[in-house]
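The values are calculated or read from the model by the stated rules, or taken from the named source; none is laboratory data. Because the structure is a prediction, the values reported are computed rather than measured. Note that we place each Cβ from the backbone using ideal geometry, even for glycine, and neighbour counts take in every protein chain shown.
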Amino acid sequence: MLPADDPAGVAAATPDPQSAGSAVAQADGAAFARLYGEPLLHLPTDLYIPPDALEIFLDAFEGPLDLLLYLIRRQNFNILDIPMAQVTLQYLKYVDQIRLSNLELAAEYLLMAAMLIEIKSRMLLPQRQHELEVDADDPRAELVRRLLEYEQIKLAAVDINALPQLDRDFVRSQIFIEQSLVPVWPDVTPGDLQAAWRDLLKRATLKQHHKISREELSVREHMTAILRRLQSQRFVEFADLFDVSGGVPLLVVNFVAMLELAKETLIEITQAEPFAPIYVRLAYSPA
């Protein structure tokens with residue numbers, strides 16, 4: 001045990017910051033990853049990596065026809081004169097690869113492989129004499145027709161996908177518009193008033209009398225009567241403001257009185273919707 005006043009002992013007991021920093025740097029250099037800020041120097045013993053975790057597919061096909069069309073176009077083969085031997089061999093190599101990883105996916109590809117082998121076999125068989133005299137159908141004709149139709153559909157799908165799509169190429173703008181709490185009634189047109197007035201005249205004509213009398217009618221009095229009635233009721237239907245039993249002169253004066261009130265903005269003539277009944281009410285006066 002060294003004395004307390006020994007400088008060598010004090011130096012040994014005090015850690016050197018430079019040596020500690022170099023140790024951390026060496027640990028970081030040997031570590032292959034950091035977890036929560038701490039370097040990992042060894043792989044965990046219970047780490048499980050799936051066998052297909054790092055599997056990479058460079059080419060993805062949507063089906064057997066897509067794969068077959070890819071093989072033909074990649075080698076610039078004439079689709080109307082397909083070399084079945086080369087295409088079939090390349091197709092079978094791809095099918096063997098996907099059978100190792102996905103047997104269910106390989107099932108539909110095997111069906112096309114059987115069709116290719118059948119076409120190749122029919123082309124290798126010698127033709128009979130009567131088949132040479134009559135133009136026999138090309139065994140590849142049906143396959144070429146399906147490939148051409150599939151290529152047309154695929155090109156059309158590419159053109160459609162190039163069109164601008166909502167939420168992919170652009171977004172729909174939304175604007176919030178604050179609506180007023182005061183209901184806005186549709187305007188009553190002169191045509192509506194004319195139709196209602198004709199209806200009243202027609203009803204008054206049916207009940208008119210042939211008694212001739214002279215009566216002085218005041219527009220102001222009818223205006224006052226209309227205002228008094230509207231004070232007791234919030235809405236009054238247009239026809240209810242008229243007494244058809246009084247005859248046409250009374251209806252005319254009452255109608256003129258109502259028009260004068262509307263002109264002076266003392267009343268409002270409203271309608272809930274087109275062709276709906278017309279209502280009359282006192283004009284709204286803000287407080």
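Descriptive notes on the structure:
- When segment 239-280 is filtered for residues that are of a type in the set (Asp, Glu) and under 16 Å from Gly191 (Cα atoms), only Glu273 remains.
- Filter result for Lys207 (surrounded by fewer than 13 Cβ atoms within 10 Å (Cβ to Cβ) and at pLDDT below 85): yes
- Residue among Arg73, Arg99 that alone is surrounded by 11 or more Cβ atoms within 10 Å (Cβ to Cβ), among the charged types (D, E, K, R) and modelled with pLDDT under 80: Arg99
- Considering residues of segment 27-70 that are modelled with pLDDT under 70, over 15 Å from Val95 (Cβ atoms) and charged (D, E, K, R) only, the residue surrounded by the most Cβ atoms within 10 Å (Cβ to Cβ): Asp28
- The set of residues in segment 227-242 that are modelled with pLDDT of 85 or more and either farther than 17 Å from Trp197 by Cα or more than 56 Å from the chain's Cα centre (by Cα) (or both) comprises Leu227, Arg228, Arg229, Leu230, Gln231.
- Condition check for Ser245 on (1) modelled with pLDDT under 85; (2) surrounded by 13 or more Cβ atoms within 10 Å (Cβ to Cβ); (3) in a helix (DSSP H, G or I): one failure, at (2).
- Count - residues of segment 262-279 that are under 45 Å from the mean Cα position of the chain (by Cα) and either part of a strand (DSSP E or B) or surrounded by 11 or more Cβ atoms within 10 Å (Cβ to Cβ) (or both): 9
- So Val184, is it loosely packed, with under 10 Cβ neighbours inside 10 Å and part of a loop (DSSP other than H, G, I, E, B): yes
- Every residue from segment 131-150 that is of a type in the set (Asp, Glu) and modelled with pLDDT of 90 or more: Glu149
- The set of residues in segment 217-242 that are assigned to a helix (DSSP H, G or I) and among the charged types (D, E, K, R) comprises Arg220, Glu221, Arg228, Arg229, Asp240.
- Test: residue in segment 68-90 that is among the acidic types (Asp, Glu) and farther than 23 Å from Pro139 by Cβ: no
- Meets criteria (at pLDDT 90 or above, more than 30 Å from Glu62 (Cβ to Cβ), out of contact with any Pro (no Cβ under 7 Å at 6 or more places or on another chain) and of a type in the set (Asp, Glu)) for Glu260: yes
- Among the residues making up segment 86-96, those that are within 21 Å of Leu124 (Cβ to Cβ) and either modelled with pLDDT under 85 or among the charged types (D, E, K, R) (or both) are Lys93, Val95.
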